[in-house]
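First the structure, in the form of structure tokens, and then the observations on it.
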Amino acid sequence: MYQDMKKLYWWPNMKADITTYVSKCLTYAKVKDEHQRPSGLLEQPKIPEWKWDNITMDFVTKLPKSSQGYDTIWVIVDRLTKSTIFTPIRDTDPMDKLARIYLKEVVTRHEIPVSIIIDRDLSYHASIKAAPFEALYGRKCPFVGPKLEKLKSSVQNQFKRLSRK
């Protein structure tokens, strides 16, 4: 649309204005072409055979800072027993510290898991938490299931309720 408009008109910040207008246009949203391949069917992860063989993990972020400066909770869940490890961390903790925490909290207590399912998003935490999995297993992490998302939102709600009191 911008290419057509610039032949006839011009005003300061024209491209940004047109982009904003088009992004809010319901007609355009209905008729625009999809430039992505269809995502395909979701795969149900296999049921684990042994405790702590398969885990899921995620970060609950943007929490109020604690007295020790923690503002994030690292949630690690065993998929078979639903046992959970809640580890307070700082948003700025480097990768090597997270790896040491992972080794201390999971590997030393339960051995190295066969698989780790991690929520993939575009945040800083998503980019750093894929690294230990790839270092240990040599492949990218699969997606997280809805149960971990439900637990994550429950933890966030409980934490917000407690911080208001």
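The values are calculated or read from the model by the stated rules, or taken from the named source; none is laboratory data. All values derive from a computational prediction rather than experimental measurement. Neighbour counts are summed over all protein chains in view; Cβ atoms, including those assigned to glycine, are modelled from backbone coordinates with ideal geometry.
This table checks each residue for (1) more than 17 Å from the chain's Cα centre (by Cα); (2) at pLDDT below 90; (3) among the aliphatic types (A, V, I, L, M).
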position	(1), (2), (3)
A16	yes, no, yes
V31	yes, yes, yes
L41	yes, yes, yes
V60	no, yes, yes
L63	no, yes, yes
Q: Please work out if R90 is under 17 Å from the mean Cα position of the chain (by Cα) and modelled with pLDDT of 90 or more.
A: yes
(Q) Please determine whether any residue of segment 105-116 is modelled with pLDDT of 75 or more and either under 19 Å from the mean Cα position of the chain (by Cα) or within 23 Å of G40 (Cβ to Cβ) (or both). (A) yes
Q: Can you tell me which residue among D17, D78 is over 30 Å from I112 (Cα atoms), surrounded by 12 or more Cβ atoms within 10 Å (Cβ to Cβ) and of a type in the set (D, E)?
A: D17
